[in-house]
Structure formats: structure tokens, C-alpha cells
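The values are calculated or read from the model by the stated rules, or taken from the named source; none is laboratory data. This one's a predicted model, so the numbers in the text were calculated from it and none came from an experiment. Virtual Cβ from ideal backbone geometry, glycine too; neighbours counted across all protein chains shown. The area values use the complete protein model at the heavy-atom level, side chains included, leaving out ligands, DNA and RNA. Shrake-Rupley method; radii C 1.70, N 1.55, O 1.52, S 1.80 Å.
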Amino acid sequence: MNTSAVTHPSAPALPAQFPRRVLLAVSGLTPQIVTETLYALAADEFDPFVPTEVHLITSAEGARRAELSLLSDDLGWFHKLCEDYHLPGVKFDASHIHVMRDAHGQPMNDIRSPADNRAAADFITAQVRAITADSGCALHASIAGGRKTMGFYLGYALSLFGRPQDRLSHVLVSEPFESSYDFFYPTPYSRVLQTRDGQLADTAMAQVTLAEIPFVSLRHGLPTKLLAGVASFNDTVAAARAALAPAHLTLDLARQRILAAGREIALPPAELALLAVFARETLAGKLPLSAPTKGVPDPAWAKRYLREYVRITGNLADIEATERALKNGMDGEYFSARKSKLDKRLKTALGPAAEAYRIHDGGTRPRRYALALKPDAIRFAPTETP
């Protein structure tokens, strides 16, 4: 089975062309989902995908069954599949079988409580996040095995973190093999087995196909720290919802915080003061502002900026250094530095969703700066009067 292909240099790479290719599956007590899916992927006549590694998320009992049926010397159906269909180099061993942990960190035998449900969701989400963090990897996730909740969480996690090269599928097995614990893949030779209802069937006649499931990727709306860090399933979903919701900005000057895209973000007084200037301008229905000229102190800009700075610090002694820096006015370099730091903090906290809360320059010359938000999308905390 040949996975090589030639594409135009500017064309996006197909999943089979990535150097690292991962099959991730969930299973309960039927580990054959691994071999069935691997067979269907590699045997695809038009778009074969041979993983470089396989990972399985399962329960403690599921892990035991997977090791015995797929990897043991006596059965070893994974190794037999690779030999029968000439699939060298597919990495899959006991270290690639990931046992879900409960809320106490113990191996999970089943999902039996709300706490187990949350723990399973977090565990599956963490696995998907880790794999998709590798830009040189294409992930194929199979939701065919395990409890329905496991398949749901795997599919949802891929929707949260999936990229253009990632795929989601369910495997379909023809009758009477679908319900047979002794069936693992269609063999290239005759092998007769007895199905659960007592029938005799030849595995060479079995048909296994994949039903690809389209998914909407929400990755572009997640904050950078959620993509690279650790967060629960619920926190990640909440961040995605907030990023997709209409933009609303609340400025809490007393606490030196803002609430944007549903997330609370701490801001230093210097950056918060600049944002507050533009928030009040928007609330007052004023036109966009010209920035101070580089090298030319602007007293009017210093006055409006220091007014916000005093509101934030609440103590004139705290702003002596800032007042000295702006004694003759605010120049373009000072404005640009504050704006750049504000942009960076918003981008780190909100990712692409930060665009709605940035101070924009209008895109044409002469540059005039304003928030893109509507007045009814901006408010100050109750202790503040706009």
C-alpha cells in the first residue's frame, strides 16, 4: 500500500503526506476496533492513510483485553494485520494504550458517575490536545469503540483542537462479523470463525469501511494558552463559546481587570488606561482619534491618558513617574509602546478572539484609532461612571 503522493508546493499537504500520522481510537471491551480501523485506513483504494503510530484510550479492563488480543504472542492480531498487509513501522505497544483515570487519579474501570464522566472528558481532551500540538502530525480519530460518551468526547475534542489535516470517522463492519469477538479484520486468506449466533463465516469475505464524519474546527477561536497548556474539557468548551459569542467588554478600573470574550484579564495600569481612553470615546459617540506624532509631545493626549491613569491607581503618588514621562505631553513612541503591549496581552489571553477588543487604526491614512466595538458592547464596572 503506497502512501506517497506528489502535490504542488503551494497546495496544502494531505494527511497521508505528514511525517507523523496518528490513529487515535477509543474502546471498551472490543479492542478489535483498532485493527478494523487500521485496515480500513490502509486499504482505502483512493486515499490510503497508514499511521506511523496507534494510540488507544480505554478502561483498565479494556487495556488488559487489548494487550492480550492485539499484542500478545499467542494472538497478536495487530502484528498479524501488519504482516498480512505489509504495514511495517506502525508503532503500537503497551505504552500506547492509555487507561483513563478517575477523579482520584486511579485507573478507571468504567464511566459510572458524573465525576467519572468529567474525568473521562478531561483525559480524552488532554490526549487530543497533546497530539494536535505537533504541527508535523496528522491525526485520524475513530469514535467507533467504547461507550457513547467516550466517542462523543473524542469527537468534540477534535472539533475543539482539530486542524485541516485531521480526520474523524466511524468504522462499519459487515454482518455477521460486526458482533463477533473473534473478528479483527478481513484476512487476505480463508479463515473460518463461529459468530456469536452460531453461524460459520469466512473472514476473507468480510467488508470493513470507514464513514468519515465532517467536523467544524473551533481551534482558531481558542486562546493560545489553552492550545499549549492544560485545561479541563469544560473550561475549553467555555472558552470556545465565549470566542464565538458577540464581543462585550467590561472595564473594572478599581480591580485593574477587564472582562472580554467571557474571560477575566488583569492589565497593568499603563495598558488599561489606554484602553479606557478609547472605551470612553466610544461610549461618548466620538470620532476616532489621531495618535500623537512621533517625537512631538501632545499635551491633550497626555491629559486624557493621565485622567484614566489616576482613576485606576487611585493615588496620585503612584503616578509620579508616569507624570514625569508625560510632563510635556505624550508622543507617538509612548503611544505605540502602550498599544503594542496591550495588543500582546490581549492576544495571549484571547488568541484570535482578541481582534474584536484591539484598538484599530482604521486601515487607511491618515491613521485614526478607535475600538471596533459598538457603544452598547462596552461598559465600566458599576463603581465607575463613564
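Here are the numbers for this structure:
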quantity	calculated
Checklist (1) modelled with pLDDT under 85; (2) open to solvent by 50 Å² or more (accessible area, probe 1.4 Å); (3) over 28 Å from H79 (Cα atoms); (4) in a loop (DSSP other than H, G, I, E, B) applied to P246, failing item	(1)
Residue in the range 278-298 that is surrounded by the most Cβ atoms within 10 Å (Cβ to Cβ), counting only those that are touching a strand residue (DSSP E or B) at 6+ places or on another chain (Cβ under 8 Å) and free of Cβ contacts under 8 Å to residues at least 40 places away in the same chain	D298
Residue satisfying condition, being crowded, with 20+ Cβ neighbours inside 10 Å and of a type in the set (F, W, Y), within set Y369, Y334	Y334
Candidate set: the range 27-63, residues that are charged (D, E, K, R) and touching a strand residue (DSSP E or B) at 6+ places or on another chain (Cβ under 9 Å); chosen: the one surrounded by the fewest Cβ atoms within 10 Å (Cβ to Cβ)	D44
In the range 249-277, residue farthest from P382 (Cα to Cα) [restricted to those that are among the aliphatic types (A, V, I, L, M) and open to solvent by 30 Å² or more (accessible area, probe 1.4 Å)]	A266
Criterion violated by F184 - all others in (1) outside any loop (DSSP other than H, G, I, E, B); (2) closer than 25 Å to D84 by Cβ satisfied	(1)
Among the residues listed as A337, A349, A266, A302, the single one being under 24 Å from R367 (Cβ atoms) and touching a strand residue (DSSP E or B) at 6+ places or on another chain (Cβ under 9 Å)	A302
Subset of the range 196-206 that is in contact (Cβ under 8 Å) with a residue 12 or more places away in the chain, more than 41 Å from the chain's Cα centre (by Cα) and open to solvent by less than 80 Å² (accessible area, probe 1.4 Å) - its residue that is nearest to K80 (Cα to Cα)	D202
Failed item, numbered, when D110 is tested on (1) touching a strand residue (DSSP E or B) at 6+ places or on another chain (Cβ under 9 Å); (2) farther than 23 Å from Y39 by Cβ	(1)
Some residue of the range 224-242 being surrounded by fewer than 16 Cβ atoms within 10 Å (Cβ to Cβ), assigned to a helix (DSSP H, G or I) and either acidic (D, E) or touching a Pro at 6+ places or on another chain (Cβ under 8 Å) (or both)	yes
Helices (runs of 4 or more DSSP H) wholly inside the range 9-96 that include at least 2 residues being closer than 26 Å to S174 by Cα and out of contact with any Leu (no Cβ under 9 Å at 6 or more places or on another chain)	77-84
Single condition Y185 does not satisfy, out of (1) without any contact (Cβ under 8 Å) to a residue 40 or more places away in the chain; (2) touching a helix residue (DSSP H, G or I) at 6+ places or on another chain (Cβ under 6 Å)	(1)
Lone qualifier among H104, H170, H98 - being open to solvent by 30 Å² or more (accessible area, probe 1.4 Å), without any contact (Cβ under 8 Å) to a residue 24 or more places away in the chain and farther than 22 Å from V237 by Cα	H104
Selection status of L210, touching a Gly at 6+ places or on another chain (Cβ under 7 Å) and either touching a residue at least 40 places away in the same chain (Cβ under 8 Å) or surrounded by fewer than 21 Cβ atoms within 10 Å (Cβ to Cβ) (or both)	no
Residue that is farthest from the chain's Cα centre (by Cα) [pool: residues in the range 163-187 that are within 17 Å of L75 (Cα to Cα) and not charged (D, E, K, R)]	T187
Among the candidates E45, E36, residue that is under 18 Å from A206 (Cβ atoms) and at pLDDT below 95	E45
Unmet criterion (only one of (1) part of a loop (DSSP other than H, G, I, E, B); (2) touching a helix residue (DSSP H, G or I) at 6+ places or on another chain (Cβ under 6 Å); (3) open to solvent by less than 70 Å² (accessible area, probe 1.4 Å)) for F177	(2)
